[in-house]
1. Applying the selection to region 102-116, what residues are assigned to a helix (DSSP H, G or I) and within 9 Å of the ligand (Cβ to nearest atom)?
2. Quick check: anything in region 243-250 within 16 Å of the ligand (Cβ to nearest atom), surrounded by fewer than 20 Cβ atoms within 10 Å (Cβ to Cβ) and not assigned by TED's automatic domain parsing to the domain that holds Arg339?
3. Out of all the residues in region 87-101, which are assigned to a helix (DSSP H, G or I) and either over 15 Å from Phe265 (Cβ atoms) or within 16 Å of the ligand (Cβ to nearest atom) (or both)?
4. Against the conditions (1) within 16 Å of the ligand (Cβ to nearest atom); (2) over 30 Å from Phe70 (Cβ atoms); (3) surrounded by fewer than 15 Cβ atoms within 10 Å (Cβ to Cβ), where does Gln330 fall short? Just the number, please.
5. Just checking, does region 283-294 include any residue being closer than 30 Å to Lys67 by Cβ, among the hydroxyl-bearing types (Ser, Thr, Tyr) and free of Cβ contacts under 8 Å to residues at least 60 places away in the same chain?
6. Among the residues of region 1-52, how many are aromatic (Phe, Trp, Tyr), assigned to a loop (DSSP other than H, G, I, E, B) and touching a strand residue (DSSP E or B) at 6+ places or on another chain (Cβ under 7 Å)?
7. Could you run through region 298-343 and say how many residues are outside any strand (DSSP E or B) and more than 19 Å from the chain's Cα centre (by Cα)?
Amino acid sequence: MFEIYDKKIADLKENFHFRSIKNFERKEGKYIYVAGKKLLNLSSNNYLNFADSEEITKEFLEYAGDKYTFGSASARLLTGTLPIYKELEDLICKLYNSEGTLLFNSGYHANVGINSSLADSSDVIFSDKLNHASIIDGMQLAKGKFFRYAHNDMESLERLLKRERGNYRNAIIVSESVFSMDGDIADLKTLVELKKKYNCILVLDEAHAFGVFGEKGLGVSEKLEIISEVDLLVGTFGKAIGSMGAFVTGKRVLIDYLINKARSFIFSTALPPVNIAFTKWIIEKKLPYTYEKRMRMIDLGKKMGSESHIVPYIVGENDKTVELSEILFQNGYFTLPIRPPTVPVGTSRLRLSLTADITEEDLTKLNEILKGEK
Ligand SMILES: Cc1ncc(COP(=O)(O)O)c(C=O)c1O
């Protein structure tokens, strides 16, 4: 019975696909300690360094005292909703000037909840080919049909819309704004045009842009001034905000629908109140003072050839990617090899994610190593 799994694991190892959990010794600002080595952490979504800052933790605990507990003990629809949840939802509504907001336990829960529930058997979803696994998992659970258009290719999307839109009652277009593995940015203006032209609902996942792009840190949609055109916008708290959880904000009717139909919302214990309070505190008290830092981080990413703070270095084969990651490790950089199924076969890569305290000088040696690889 168990030999099947042994065999599967052996196959993974043979193809350099095997994953294991690394036990880090500690984190300190932009550095991470592992196997007795201090490394520049280029594999973190802690873009503004709020997550492992002792100073931030201390300041928050001084502010919060013992007001918030560490367990909600219930799903939101049962007894899991205390005032702090509503306060955070109201804050998000105010920032986005939106009709409604719903908190989820993570971005994964949010995307699975939205994409599994919005499309009924008469409906359809059009999804970017490189959308995150949580979006794909959601669509696979949906009763409706889904089509994947070529990555950020608006002609490919329009061809599908022309061919398929008429066959369905409701249509949903879903895209990330900053793509998590490629660091490129969706053509949001055209997405908005197409959603209007073909009468679709637009769902935008700003997981890697919330807390990074825009003057207030609301995402690429803020920067492009198209927030009001997005019907449901997803933001996560586990990345730039340094906390945990996610929100969906937009049309009230869709929020009410999700409260009733998104199973990942309904059937899961709500996040701890202390965590919700921390998220709210960061967004209100810290995020407004990060604009310059954020812009410097994005500029550094652009200098490295990306459109954002996420810089992909595509190697191709799994073994070479693992090897390069090891060379960088030996030279003081922590990067993780990203392999299929996370990225398409043949595009294994190092995903260099910058955080706000990383400087150009920090990356001199890394750039030399990567140049030598070409
Ligand atoms: C684009 C995107 N959406 C959603 C998620 C999931 O968010 P969370 O980590 O909060 O579950 C991720 C996580 O990496 C992501 O990259």
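The values are calculated or read from the model by the stated rules, or taken from the named source; none is laboratory data. Because the structure is a prediction, the values reported are computed rather than measured. Using ideal geometry, Cβ is built from the backbone for each residue, glycine included, and neighbour counts are taken over all protein chains shown. What goes into the accessible areas is simple: the full protein's heavy atoms, side chains included, and nothing from ligands, DNA or RNA. Shrake-Rupley method; radii C 1.70, N 1.55, O 1.52, S 1.80 Å.
1. Of everything in region 102-116, those that are assigned to a helix (DSSP H, G or I) and within 9 Å of the ligand (Cβ to nearest atom) turn out to be Gly107, Tyr108, His109, Ala110, Asn111.
2. The answer is yes, given that some residue of region 243-250 is within 16 Å of the ligand (Cβ to nearest atom), surrounded by fewer than 20 Cβ atoms within 10 Å (Cβ to Cβ) and not assigned by TED's automatic domain parsing to the domain that holds Arg339.
3. Listed by number, the residues that qualify are Glu87, Leu88, Asp90, Leu91, Ile92, Cys93, Lys94, Leu95, Tyr96.
4. Going through the list (1) within 16 Å of the ligand (Cβ to nearest atom); (2) over 30 Å from Phe70 (Cβ atoms); (3) surrounded by fewer than 15 Cβ atoms within 10 Å (Cβ to Cβ), Gln330 breaks only (1).
5. yes
6. Going through region 1-52 one residue at a time, the tally reaches 1.
7. 22
One line per residue, one yes/no per condition, for (1) over 28 Å from Gly301 (Cα atoms); (2) open to solvent by 20 Å² or more (accessible area, probe 1.4 Å); (3) not assigned by TED's automatic domain parsing to the domain that holds Thr279:
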residue: Lys27; (1), (2), (3): no, yes, yes
residue: Leu48; (1), (2), (3): no, no, yes
residue: Ser53; (1), (2), (3): no, yes, yes
residue: Phe70; (1), (2), (3): yes, yes, no
residue: Ala73; (1), (2), (3): yes, yes, no
residue: Leu102; (1), (2), (3): yes, no, no
